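The values are calculated or read from the model by the stated rules, or taken from the named source; none is laboratory data. Just so we're clear, the structure is a prediction, and the values are computed from it rather than from any experiment. Using ideal geometry, Cβ is built from the backbone for each residue, glycine included, and neighbour counts are taken over all protein chains shown. Side chains included, ligands, DNA and RNA excluded: accessible areas come from the protein's heavy atoms. Shrake-Rupley method; radii C 1.70, N 1.55, O 1.52, S 1.80 Å.
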Amino acid sequence: MTTDPLLLTGEVGESTARLLRTAATFDEADLATPSLLPGWTRGHVLAHLARNADGLVNLLTAARTGERIPMYASAAARTADIEAGAFRPPATHLDDLRRTADRFAAAVTAMPVEAWGATVETRRGPWPAAMLVWGRLREIEVHHVDLAAGYRPADWPEAFGHRLLHEVATGLAGRADAPPMVLRFDGSRHELAIGDRSAAPTVTGAAPELAAWLIGRNAGTVLTVTPDGPLPTPPDWI
């Protein structure tokens, strides 16, 4: 389950192609339809994905040049850009997504090997530059689901679902507000424990479905709990 940026570049390209195929089906009414994200239409989600690509280009440039370049000018500017872009015509959205994806791909190609060892400043704090390609893949795949246009966690590539599940479970293991649980996936061969497993329920399901439940993208209705009882309530994904 690599997060090597060079190995993940092809996956980002394939993920982008799937997203573009979905976006190409939207008319103005489709774009105005609510997404799975509270307060955001599908147009908001697409505008966010385009601006996210530009923000990651800024961080890749910072890693390559050593300059202090923020991901976004400010939190307020990020919000304003998404809001301003949400209500554009379908063709404009599609063109923006394509152009920003191309800029991201070019910025990845321009990275010398040593630049991947840099640390950059994301809007949530420092992050290794080597994780930026994974970050873009995660944004595309999760927000493709948020478009509520037929693309579901079950459609995620297997490797992506496993990577996301491990990342989210690892993050929850360090949080005091995460309830203890054991996640069992891929049949009964693999488990991930969060908190004290001695009295923790075991939640079983496919890796993508477990990951989607943990990040609030489904209600976990296809998951099972042992011993029988309600699912634990994961904290908000941050």
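For residue 197, state whether it is modelled with pLDDT of 95 or more, among the basic types (Lys, Arg) and either closer than 21 Å to residue 11 by Cβ or surrounded by 13 or more Cβ atoms within 10 Å (Cβ to Cβ) (or both). No: the conditions fail for residue 197. In contact (Cβ under 8 Å) with a residue 40 or more places away in the chain, assigned to a helix (DSSP H, G or I) and either open to solvent by 70 Å² or more (accessible area, probe 1.4 Å) or over 25 Å from residue 119 (Cβ atoms) (or both): does that describe residue 7? Spelling it out, it is not the case that residue 7 is in contact (Cβ under 8 Å) with a residue 40 or more places away in the chain, assigned to a helix (DSSP H, G or I) and either open to solvent by 70 Å² or more (accessible area, probe 1.4 Å) or over 25 Å from residue 119 (Cβ atoms) (or both).
Among the residues in segment 128-140, are any without any contact (Cβ under 8 Å) to a residue 24 or more places away in the chain, open to solvent by 30 Å² or more (accessible area, probe 1.4 Å) and not acidic (Asp, Glu)? Yes, some residue in segment 128-140 is without any contact (Cβ under 8 Å) to a residue 24 or more places away in the chain, open to solvent by 30 Å² or more (accessible area, probe 1.4 Å) and not acidic (Asp, Glu). Taking the numbered list (1) touching a residue at least 12 places away in the same chain (Cβ under 8 Å); (2) open to solvent by 20 Å² or more (accessible area, probe 1.4 Å); (3) of a type outside the set (S, T, N, Q); (4) under 21 Å from residue 124 (Cβ atoms) in turn, residue 47 passes all entries but (2). Under the condition of being among the charged types (D, E, K, R) and assigned to a helix (DSSP H, G or I), the residues counted in segment 203-225 number 1.
When the residues of segment 85-114 are filtered to those that are part of a helix (DSSP H, G or I) and open to solvent by 80 Å² or more (accessible area, probe 1.4 Å), which remaining residue is nearest to residue 23 (Cα to Cα)?
Residues of segment 85-114 that are part of a helix (DSSP H, G or I), as a first pass: 85, 90-109, 113-114.
Retained after the next criterion (residues that are open to solvent by 80 Å² or more (accessible area, probe 1.4 Å)): 98-99, 102-103, 109, 113-114.
On the way: 98: 10, 99: 14, 102: 16, 103: 18, 109: 25, 113: 34, 114: 36 Å.
That would be 98.
Among the conditions (1) crowded, with 18+ Cβ neighbours inside 10 Å; (2) on the phi > 0 side of the Ramachandran plot, the only one that residue 40 does not satisfy is (2).
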